[in-house]
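Note sheet for the following structure.
The values are calculated or read from the model by the stated rules, or taken from the named source; none is laboratory data. Just so it is clear, the model here is predicted, and its values are computed rather than measured. Methodologically, a virtual Cβ is constructed for each residue, glycine included, from the backbone with ideal geometry; neighbour enumeration extends over all protein chains shown. Quick note on the areas: whole protein, heavy atoms, side chains included, nothing else; ligands and nucleic acids left out. Shrake-Rupley method; radii C 1.70, N 1.55, O 1.52, S 1.80 Å.
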Amino acid sequence: MKEKLRRLMNYITTITTGTLIACMIWGSISIFRQKIPWSKAIINFSILPEILSIGILCGVLTELVFYSRQKQGKIPFWLWNIFFYIIVTLMVLICGYFYHWYKLDVGSVIAMCLTSAGVYGFTFFLNYYRNKIIADAMNKKLEQYHSKHQKKGDSQ
C-alpha cells in the first residue's frame, strides 16, 4: 500500500508539473501574441486548482491503469501506451473544455492533443528515468552482496 501511495504521489507531482509547464508555454505564447509586457501579464487564479485537478485525475488514472497493466500482461507495451494516451487525452480534452482552456475548433483540439502528448512524454520520461536510477541502485547493491558473499565462500 505504501508503494502504491508513493507511486501515486509521484504521478500526481510529475503530471501536475508537466501541465503547469504546458500552461506556462501557452500563456507565454498568448502574452507574446497580444504584445502584453511581462510585467503587466495576469493569470486567472482559477487555473491553479484546475491544473492540480488534472494532475490528480490523471495521476489516479495512471495508477489504476498501471495496476491493470500488471494484471493484464498480454497487450504489447507500445499498444498499451497508445491506448492510455488516448484515454488521458480524452479526459484532458473534457476537463479543458469545461475549464475554458481552449475553443471547440479543430486547431485548438489539435493543440490540446499535442500538449497532452508533451505532458505524457514528459511524465513517461521522468518516470522511466526515476525507475532506471532505482533499478541501477538495486543492481549495484546486488552486485555488492554477491561479491561479498562470493569472497566469503572462497575463503572457506
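Identify, please: which residue in the range 103-117 is within 12 Å of residue 88 (Cβ to Cβ) and small (Gly, Ala, Ser) and is, among those, least open to solvent (accessible area, probe 1.4 Å)?
Among those that are within 12 Å of residue 88 (Cβ to Cβ) and small (Gly, Ala, Ser), it is 116.
List every residue pair whose Cβ atoms lie under 8 Å apart, where the two residues are 6 or more positions apart in sequence or sit on different chains, the first residue falls within the range 41-63 and is farther than 29 Å from residue 80 by Cα, and the second residue, located anywhere, is open to solvent by less than 50 Å² (accessible area, probe 1.4 Å).
Listed by first residue and then by second, the contacts come to 41/27; 41/31; 43/27; 47/23.
If you go through the range 109-153, how many residues are aliphatic (A, V, I, L, M) and more than 26 Å from residue 98 (Cα to Cα)?
Step one: filter the range 109-153 for residues aliphatic (A, V, I, L, M), giving 109-112, 114, 117, 119, 126, 133-135, 137-138, 142.
Next, only the ones that are more than 26 Å from residue 98 (Cα to Cα) stay: 126, 133-135, 137-138, 142.
Result for the range 109-153: 7.
Mind listing whichever residues of the range 18-45 are in contact with a Phe, Trp or Tyr (Cβ under 9 Å, 6 or more places away or on another chain) and open to solvent by 50 Å² or more (accessible area, probe 1.4 Å)?
Residues satisfying the conditions are 21, 26.
Would you mind stating whether residue 125 is part of a helix (DSSP H, G or I), within 19 Å of residue 16 (Cβ to Cβ) and open to solvent by 90 Å² or more (accessible area, probe 1.4 Å)? Can you show your working first?
Numbers: part of a helix (DSSP H, G or I): yes; within 19 Å of residue 16 (Cβ to Cβ): yes; open to solvent by 90 Å² or more (accessible area, probe 1.4 Å): yes.
Yes, satisfied.
Is there any pair with a first residue in the range 85-97 that is more than 17 Å from residue 60 (Cβ to Cβ) and a second that is open to solvent by less than 60 Å² (accessible area, probe 1.4 Å) and not in a helix (DSSP H, G or I) whose Cβ atoms are under 6 Å apart and which are 6 or more apart or on different chains, and what are they?
From residues that are more than 17 Å from residue 60 (Cβ to Cβ), the pairs are 96/102.
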